[in-house]
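Taking it in order: structure first as C-alpha cells, then the write-up.
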Amino acid sequence: TVIDAQGLIALPGFVDLHTHLREPGREDTETVETGSAAAALGGYTAVFAMANTDPVADNPVVVEHVWRRGREVALVDVHPIGAVTVGLKGERLAELGAMARSNANVRIFSDDGMCVADPLIMRRALEYSRGLDVLIAQHAEEPRLTVGAQAHEGETAARLGLAGWPAAAEESIVARDCLLAGHVGARLHVCHVSTAGTADVLRWAKARGTQVSAEVTPHHLLLDDDRLNTYDPVNKVNPPLRAISDTKALREALAEGVIDCVATDHAPHAPQDKDCEWSAARPGMLGLQTALSVVIQTMVQPGLLDWRGVARVMSERPAEIAGLPDHGRPIAVGEPANLVLVDPKATWTVNGAELASLASNTPYEGMEFPGVVKATLLRGKVTARDGKVAR
Ligand code: DOR
Ligand code: ZN
Ligand code: ZN
C-alpha cells in the first residue's frame with residue numbers, strides 16, 4: 001500500500017482510556033466490532049473498554065470475552081477494564097488479581113457507573129493495586145450528593161427545573177481518593193474531570209507528590225450547560241455539562257498538564273433511551289469519531305496545544321498511564337507503526353447516522369469540524385483509510 005502523506009500530520013495512534021463498548025449485554029447499541037470500527041476511523045489504535053457491561057466485567061470470564069472479541073476484530077487493541085467491585089452495588093471488592101492474571105491481562109480497574117462510595121473499599125482497592133501493579137480509576141462521583149441529579153447544579157438547572165449535580169460531588173471524592181492514594185502509596189486515575197475545582201484539587205495533589213493522573217472528555221472541553229435550554233437528551237451525560245467557566249478551566253488544565261489526557265467516555269445509547277423525556281433519558285454521548293476534531297477546535301485552534309501537544313494528550317500520556325509500551329511514542333526504525341495520518345486543513349460535517357457506531361447519539365449533529373483522519377495503522381497494517389474501515 002502506498003499512502004500519499006503530502007500535507008498530512010503523522011501522530012502516534014490514539015489511546016482511549018475510557019470507551020463503553022456495551023458488549024456483553026447491550027449489543028443493540030454497540031459491540032466490540034462496531035466500537036472498534038469507530039475507534040479506527042477516529043485515529044485510535046488502542047481503547048480501554050469500560051466495565052459497566054451486563055453482566056458487569058467483575059470476573060475473568062467477561063474480561064476474557066471482551067479481550068478475545070477485540071483480537072478477532074483486530075481493528076484496534078481492545079483492553080478490558082475490570083470492575084473494582086462486584087456487580088453494580090459496590091459492596092465488595094472484585095477479584096482484581098484473577099482478572100489481572102487472566103488472558104485479558106487487565107491493567108485498569110474502574111467503578112464507572114457504579115461509584116465506590118465506601119472509602120474503606122477504595123482504600124483496599126488502592127492497597128491491592130500496588131502489589132498487582134494495576135491502576136485504579138474512579139468515576140469521580142459521590143453518589144450520595146447526586147441522588148436524582150439531572151444537570152449541573154447552577155443557574156441553568158434552576159431555570160429549567162432540573163435537580164442539580166453539584167461540582168462538590170466530584171471535587172470531594174477526587175480529594176478523598178487523592179488523599180487515600182497518597183496515604184497508601186498507590187497510583188490513582190481520575191475519570192472525566194468536569195469542573196474547575198477538580199482541576200484545582202489535582203493541581204494541589206500533584207504538587208504534594210500524589211501519583212494521580214486524570215482525563216477530560218472532548219464534550220467537557222467544548223460544550224457547556226447553555227445547551228440544555230432545548231431539553232434535548234442528547235446533551236445529557238454524567239458528569240453533566242458544566243458552566244462555561246469550567247470548560248475554560250479544563251482547557252487550561254489540559255494545556256498545563258494538570259489534566260494528563262483526553263478520554264472519550266464514548267457512550268452509545270439506543271434511540272428509545274434518548275428520544276424521550278429528559279428525566280427518562282440515559283446519560284452519555286458518542287465520542288470516538290469526533291474526539292480529534294474537538295481537540296483541534298478547542299485546544300489547537302486557540303493556541304493552547306500544538307501538534308506535539310495533541311500527540312501527548314491523545315496518545316503518549318494515556319499509553320504511559322495504562323502501561324502500553326508499544327503505543328504513544330515515535331516510531332522506532334524497523335518497528336511496525338501505530339500511527340494516524342491527519343489532514344489538518346480539511347473539514348467535515350457530523351452526521352450521526354453515518355458514524356460507524358451502532359448508536360447515533362452525537363451532540364455534534366450537523367456541526368462542521370476541523371481535522372480529518374486520512375489513515376490509521378495498527379502495527380503497520382491499515383485499519384482505516386479515507387473514512388472507511390480497512391479489512
Ligand atoms: O454519561 C455516562 N455514560 N456516564 C457514565 O458514567 C456511564 C456512561 C454509560 O455507561 O452510558
Ligand atoms: Zn463515568
Ligand atoms: Zn464512562
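The values are calculated or read from the model by the stated rules, or taken from the named source; none is laboratory data. Just so it is clear, the structure is predicted and the values come from calculations on it, not from any experiment. Here Cβ is always computed from backbone atoms with ideal geometry, including for glycine, and neighbour counts include all displayed protein chains. Please note that ligands, DNA and RNA were not included when accessible areas were found on the heavy atoms of the full protein model with its side chains. Shrake-Rupley method; radii C 1.70, N 1.55, O 1.52, S 1.80 Å.
Overview of results
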{"quantity": "Test: residue in the range 271-293 that is on the phi > 0 side of the Ramachandran plot, open to solvent by 10 Å² or more (accessible area, probe 1.4 Å) and in a loop (DSSP other than H, G, I, E, B)", "calculated": "no"}
{"quantity": "Residue that is nearest to the chain's Cα centre (by Cα), among those in the range 65-100 that are open to solvent by 50 Å² or more (accessible area, probe 1.4 Å) and within 30 Å of Gly380 (Cβ to Cβ)", "calculated": "Trp67"}
{"quantity": "So Gly42, is it crowded, with 24+ Cβ neighbours inside 10 Å, at pLDDT 95 or above, within 16 Å of the chain's Cα centre (by Cα) and closer than 15 Å to Asn338 by Cα", "calculated": "yes"}
{"quantity": "Conditions (1) in contact with a strand residue (DSSP E or B) (Cβ under 8 Å, 6 or more places away or on another chain); (2) part of a loop (DSSP other than H, G, I, E, B); (3) open to solvent by 10 Å² or more (accessible area, probe 1.4 Å): number failed by Arg317", "calculated": "(2)"}
{"quantity": "Positions within the range 249-268 being in contact with an Asp or Glu (Cβ under 9 Å, 6 or more places away or on another chain) and open to solvent by 20 Å² or more (accessible area, probe 1.4 Å), in sequence order", "calculated": "Ala249"}
{"quantity": "Close pairs (6 angstrom Cβ cut-off, 6 or more residues apart or separate chains): open to solvent by less than 20 Å² (accessible area, probe 1.4 Å) in the range 187-209, in a helix (DSSP H, G or I) and modelled with pLDDT under 95 anywhere", "calculated": "none"}
{"quantity": "Unique match (being over 22 Å from Arg312 (Cβ atoms) and modelled with pLDDT of 95 or more) among Ala243, Ala255, Ala249", "calculated": "Ala243"}
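To keep it simple, each residue is scored yes or no on (1) among the polar types (S, T, N, Q); (2) more than 25 Å from the chain's Cα centre (by Cα).
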{"site": "Gln150", "(1), (2)": "yes, no"}
{"site": "Glu155", "(1), (2)": "no, yes"}
{"site": "Ala158", "(1), (2)": "no, yes"}
{"site": "Leu162", "(1), (2)": "no, yes"}
{"site": "Ala168", "(1), (2)": "no, no"}
{"site": "His183", "(1), (2)": "no, yes"}
{"site": "Leu188", "(1), (2)": "no, no"}
{"site": "His192", "(1), (2)": "no, no"}
